[in-house]
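Notes follow the structure.
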Amino acid sequence: MTKMQLTTLSTHACFSGVMSFHRHESSATRGPMRFSVYLPPQAQVAPVPVLYYLAGLTCTDETFMIKAGAQRVAAELGLALVAPDTSPREPRISGDDESWDFGIAAGFYVDATQDPWQSHYRMYSYVTQELPALVAAHFPVRGDAQGIFGHSMGGHGALLAAFKNPDQYRSVSAFAPIAAPSQCPWGSKAFGRYLGPNVDHWSEYDASVLVARSPRNRPILIDQGDADKFLIEQLKPEIFAAAAKRSGQELNLRMQPGYDHGYYFIGTFMEEHLRFHAAELAR
């Protein structure tokens, strides 16, 4: 099997490990994609567990690695971190930059079925299939110890990836996820254009529906700030929590007083999420 080609854009020493940024030609999105990787010092000796992070609207493959402050704890715990971009950026599609919550940097981690998006906007396949295969081919990570987490749009992506691939992802958590995308303006806008007007098709990418159908046999951790301006209209964690309760899904939904939607909130609770994943990946 031919090893998939990868271009390394930069590397940086970081907490005795290596921070790196990469570009490659994607078969899923039919264009160039970028992603970042943090390898802890333990990866110099043997393959390590790997944790994928999906970022939110307007973000890039750099956002998490620069803002979240995750590398110090990942180095202690021996976790590799991988962060993909949030959408294809080439080739360009007419209208892909008309709004900040759709198109570029807003791929919503679905495989589009509608023109013109279906040719390139296939982020679900990219994140769950192509990227893990590429990472496994080039980096010392354990295929039997993968976790996934994310923020906002990326929290939605992490939850749906975990529910649809329970054997692949042994751990999942989220920060302020779009928890019921079929029932909020962000999700309705994205799903309507990427997936079409039939709302029945949207359910395959809605974690609040998936948790009711097939609960995981492992716990889920979600942190949500109660001062988040998007909480009521867009995020709707109460819908996901109610569905989880009905299905028997173990869920730790922590409402954090005074916290908003940004990376100060994420950074505050990052260490707890990393320790949660490390414990789950070790058992």
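Read-outs throughout are calculated quantities, based only on the coordinates presented, and are distinct from any laboratory measurement. Just so we're clear, the structure is a prediction, and the values are computed from it rather than from any experiment. Because the Cβ atoms are built from the backbone with ideal geometry, glycine has one as well, and the counts that use them run over all protein chains shown.
What the table below lists for this structure:
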{"quantity": "Long-range HN-HN contacts of residue 48 with modeled amide H, under 5 Å", "calculated": "141, 142"}
{"quantity": "Backbone HN-Hα couplings from phi across the range 215-227 [Karplus 6.51/-1.76/1.60, Hz, Gly and Pro as x]", "calculated": "x, 7, 8, 10, x, 10, 10, 10, 10, 9, x, 7, 9"}
{"quantity": "Taking the chain and dividing mean pair separation by its residue count, relative contact order in percent (alpha carbons under 8 Å, at least six apart)", "calculated": "17"}
{"quantity": "Calculated over the range 157-203: convex hull of Cα atoms, volume per residue (Å³)", "calculated": "72"}
{"quantity": "Per-selection Kirkwood Rh - the range 86-139 (Cα, Å, 1 d.p.)", "calculated": "11.7"}
{"quantity": "Alpha-carbon centroid distance for the pair the range 200-237 / the range 137-153, whole angstrom", "calculated": "20"}
{"quantity": "Residue 100-residue 16 FRET efficiency (beta carbon distance; Förster radius 45 Å; 0.05 resolution)", "calculated": "0.75"}
{"quantity": "Entries in 67/236; 67/164; 67/189; 189/236; 189/229 that, when Cα-Cα distance is taken, lie over 23 Å", "calculated": "67/236; 67/164; 67/189"}
{"quantity": "Antiparallel bridge percentage (DSSP; both residues within the chain; nearest 5)", "calculated": "50"}
{"quantity": "5 Å binning of all Cα-Cα separations within the range 79-227, expressed as whole percents from 0 upward", "calculated": "2, 9, 19, 23, 20, 15, 9, 3, 0"}
{"quantity": "Descending Cα extents along the principal axes, the range 171-283, whole Å", "calculated": "40, 32, 23"}
{"quantity": "Projected label distance in nm at residue 254 and residue 93, using a 7 Å step from Cα toward the beta-carbon", "calculated": "3.7"}
{"quantity": "The range 1-158: radius of gyration and largest Cα-Cα distance (Dmax), Å", "calculated": "15.2, 47"}
{"quantity": "Cubic angstrom per residue, convex hull over Cα atoms of the range 1-80", "calculated": "118"}
{"quantity": "Chain lengthening between residue 271 and residue 133 when straightened (0.36 nm per residue, less Cα-Cα)", "calculated": "47.0 nm"}
{"quantity": "Quotient of Cα Rg and 2.2 N^0.38 Å for the chain, N being how many residues it contains", "calculated": "0.93"}
{"quantity": "Contour minus Cα-Cα distance for residue 283 and residue 238 (0.36 nm per residue)", "calculated": "13.3 nm"}
{"quantity": "Per-peptide average of other Cβ atoms within 10 Å, ordering 189-195, 265-271 highest first", "calculated": "189-195, 265-271"}
{"quantity": "Mean-position separation - Cα centroids, the range 69-125 and the range 238-259, in angstrom", "calculated": "26"}
{"quantity": "Ranked by how many other beta carbons lie within 10 Å on average, peptides 72-82, 134-144, 5-15 from highest", "calculated": "72-82, 134-144, 5-15"}
{"quantity": "3J(HN,Hα) from dihedral phi, the range 69-83, Karplus parametrisation 6.51/-1.76/1.60, rounded to Hz, x for glycine, proline", "calculated": "x, 8, 5, 4, 6, 4, 5, 5, 8, x, 10, 7, 10, 10, 10"}
{"quantity": "In sequence order, calculated HN-Hα J values of the range 60-65 (Karplus, 6.51, -1.76, 1.60; Hz; x Gly/Pro)", "calculated": "10, 5, 8, 4, 4, 5"}
{"quantity": "Difference of contour (0.36 nm per residue) and Cα-Cα distance, residue 119 to residue 8", "calculated": "37.4 nm"}
{"quantity": "Mean Cβ count within 10 Å, highest first, over the residues of peptides 249-259, 114-124, 213-223", "calculated": "114-124, 213-223, 249-259"}
{"quantity": "Cut-off under 5 Å, modelled amide H: who pairs with residue 14 long-range", "calculated": "19"}
